[in-house]
Amino acid sequence: MVTDSIPKSRLLQAEYQKSDVTRGLQVPPDDRLLKAARSIEEALATEEAAVVREACVAFLAEAAEYYGVSVPQVRVLRARPIRARDSGGGTELFGDYHFEQKLIRVWMRTAIQKRVTSFGTFFATLCHEFCHHLDRDRFGFSETPHTRGFFERTAALYHHARATPAKRLVWAPSGRGRWRIDWARTNLGE
Ligand SMILES: [Zn+2]
């Protein structure tokens with residue numbers, strides 16, 4: 001995971017900065033999101049997109065209610081599209097978020113082998129896209145950049161809903177104001 005470049009415009013720089021320093025995310029004091037996440041895990045095991053979507057709708061409704069934001073739409077799609085890269089090869093698209101439509105799209109199968117995605121990967125993507133929605137609807141960020149704060153908020157939501165311990169993310173400079181997660185040091189729990 002690498003953060004986005006710092007934007008050129010002053011206004012967007014201020015927003016980027018605010019997103020970067022907003023490291024934590026409040027989570028519900030009860031298990032409503034844990035239950036909703038477990039339903040997604042069970043739904044994914046059926047390998048039926050419609051069933052998975054229904055569970056995602058329920059999770060997003062719970063989360064939106066808790067955070068006091070509108071409920072985003074969600075579409076669960078089958079095999080991930082591949083985006084070509086300049087360096088050759090391609091990257092798979094896991095999910096995205098459409099600003100105006102407030103629409104989250106998540107893919108549930110891998111691009112080549114069309115296998116059902118692991119729950120961890122699928123749910124991490126859903127949390128990531130929901131955090132874009134939160135950025136827009138709760139924090140008022142127009143561009144919802146991938147900052148250190150953004151990734152930490154996403155991780156807070158993910159680990160809360162899965163009841164897994166959140167590791168403190170260790171960041172390493174990645175050039176031109178960007179940061180990447182130093183997984184070796186993060187996993188050591190430094
Ligand atoms: Zn994103």
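In the set Cys131, Cys127, only one residue is in contact with a Lys or Arg (Cβ under 7 Å, 6 or more places away or on another chain), in a helix (DSSP H, G or I) and either buried (at least 21 other Cβ atoms within 10 Å of the Cβ) or modelled with pLDDT under 95 (or both); that residue is Cys131.
For (1) of a type in the set (Asp, Glu); (2) without any contact (Cβ under 8 Å) to a residue 12 or more places away in the chain, each residue gets a yes or a no:
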| position | (1), (2) |
| --- | --- |
| Pro7 | no, no |
| Tyr16 | no, no |
| Asp30 | yes, yes |
| Ala37 | no, no |
| Phe59 | no, no |
| Glu62 | yes, no |
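Consider the range 128-172 and keep the residues that are away from the ligand (no atom under 13 Å from the Cβ) and among the aromatic types (Phe, Trp, Tyr). The one that is nearest to Asn187 (Cα to Cα) is Trp171. Filtering the range 21-33 to residues that are surrounded by 13 or more Cβ atoms within 10 Å (Cβ to Cβ) and either touching a helix residue (DSSP H, G or I) at 6+ places or on another chain (Cβ under 8 Å) or of a type outside the set (D, E, K, R) (or both) leaves Thr22, Arg23, Leu25, Val27, Pro28, Arg32, Leu33. Scanning the range 67-83 for residues that are modelled with pLDDT under 95, within 16 Å of the ligand (Cβ to nearest atom) and closer than 22 Å to Leu44 by Cα yields Arg80, Pro81.
The single condition among (1) part of a helix (DSSP H, G or I); (2) under 25 Å from Trp107 (Cα atoms) that Ser19 does not satisfy is (2). Please go through the range 108-122 and pick out each residue that is part of a helix (DSSP H, G or I), farther than 14 Å from Leu77 by Cα and out of contact with any Asp or Glu (no Cβ under 6 Å at 6 or more places or on another chain). Passing the criteria: Gly120, Thr121. For the range 34-74, the set of residues classified as basic (Lys, Arg) and surrounded by 15 or more Cβ atoms within 10 Å (Cβ to Cβ) consists of Arg38, Arg53, listed by residue number. Within the bounds of the range 84-102, is there any residue that is part of a loop (DSSP other than H, G, I, E, B), in contact (Cβ under 8 Å) with a residue 24 or more places away in the chain, under 21 Å from Cys131 (Cα atoms) and away from the ligand (no atom under 16 Å from the Cβ)? No: the range 84-102 contains no residue that is part of a loop (DSSP other than H, G, I, E, B), in contact (Cβ under 8 Å) with a residue 24 or more places away in the chain, under 21 Å from Cys131 (Cα atoms) and away from the ligand (no atom under 16 Å from the Cβ). When Ile82 is tested against (1) surrounded by fewer than 13 Cβ atoms within 10 Å (Cβ to Cβ); (2) at negative phi, just one condition goes unmet, and that condition is (1).
Scan the range 8-20 for residues that are surrounded by 10 or more Cβ atoms within 10 Å (Cβ to Cβ) and either of a type in the set (A, V, I, L, M) or over 14 Å from Asp135 (Cβ atoms) (or both) and jot them down.
First, pick out the residues of the range 8-20 that are surrounded by 10 or more Cβ atoms within 10 Å (Cβ to Cβ): 9, 11-20.
Those that are surrounded by 10 or more Cβ atoms within 10 Å (Cβ to Cβ) and either of a type in the set (A, V, I, L, M) or over 14 Å from Asp135 (Cβ atoms) (or both): Ser9, Leu11, Leu12, Gln13, Ala14.
Scan the range 161-177 and give yes if some residue there is in a helix (DSSP H, G or I), modelled with pLDDT of 90 or more and surrounded by 15 or more Cβ atoms within 10 Å (Cβ to Cβ), otherwise no.
So the first thing to find is which residues in the range 161-177 are in a helix (DSSP H, G or I), and the list is 161-162.
This time we only want the ones that are modelled with pLDDT of 90 or more, so: 161-162.
Restricting the remaining residues to those that are surrounded by 15 or more Cβ atoms within 10 Å (Cβ to Cβ) gives 161-162.
Scanning the range 161-177 turns up at least one residue that is in a helix (DSSP H, G or I), modelled with pLDDT of 90 or more and surrounded by 15 or more Cβ atoms within 10 Å (Cβ to Cβ).
The values are calculated or read from the model by the stated rules, or taken from the named source; none is laboratory data. These figures come from a predicted structure and were not determined experimentally. Ideal geometry is used to build each Cβ from the backbone, glycine not excepted, and the neighbour counts take in all protein chains shown.
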